[in-house]
1. Here are 104, 118, 114: which of them is surrounded by 12 or more Cβ atoms within 10 Å (Cβ to Cβ), touching a strand residue (DSSP E or B) at 6+ places or on another chain (Cβ under 7 Å) and either modelled with pLDDT under 95 or assigned to a helix (DSSP H, G or I) (or both)?
2. Looking at region 14-38 only, could you name the residues that are outside any helix (DSSP H, G or I) and loosely packed, with under 12 Cβ neighbours inside 10 Å?
3. Do we have residue 57 as under 18 Å from residue 126 (Cα atoms) and assigned to a strand (DSSP E or B) here?
4. Would you point out the residue of region 39-54, among those that are part of a loop (DSSP other than H, G, I, E, B) and out of contact with any strand residue (DSSP E or B) (no Cβ under 6 Å at 6 or more places or on another chain), that is modelled with the lowest pLDDT?
């Protein structure tokens, strides 16, 4: 789970062609997820190059609120949610994989934030992911 993000060339925008080249067999899942997020959840996917990490990242926004980050790795994409400790109890009530709940509890804090990383390769992983998206949309802070 600690594979470095790709898309390190600032001059190369992550177009569909570029994403397809890096994601390979995971690209259809990326396309489907992008469509679901924008069409069914009214979210905005915003690609930016970040000098601190020296790579392109996709910020997924609900209005102005950042719900999660998406990064591209070799043949999969990584989604990173950030939570704070007060969200742990309500997170464990979600109808999602126990493994994901345990990962959040074991997450090493980054400041006050607890990261939850998901490696996405297929659309079979969408149900838990979308439940977490809905949960995150409802959080006040």
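1. The match here is 104.
2. Scanning region 14-38 gives a single hit, 15.
3. no
4. Restricting to residues being part of a loop (DSSP other than H, G, I, E, B) and out of contact with any strand residue (DSSP E or B) (no Cβ under 6 Å at 6 or more places or on another chain), the top hit is 53.
The values are calculated or read from the model by the stated rules, or taken from the named source; none is laboratory data. Remember, it's a predicted structure, so these values are computed and weren't measured experimentally. Note that each Cβ is placed from the backbone with ideal geometry, even for glycine, and that neighbours are counted across all protein chains shown.
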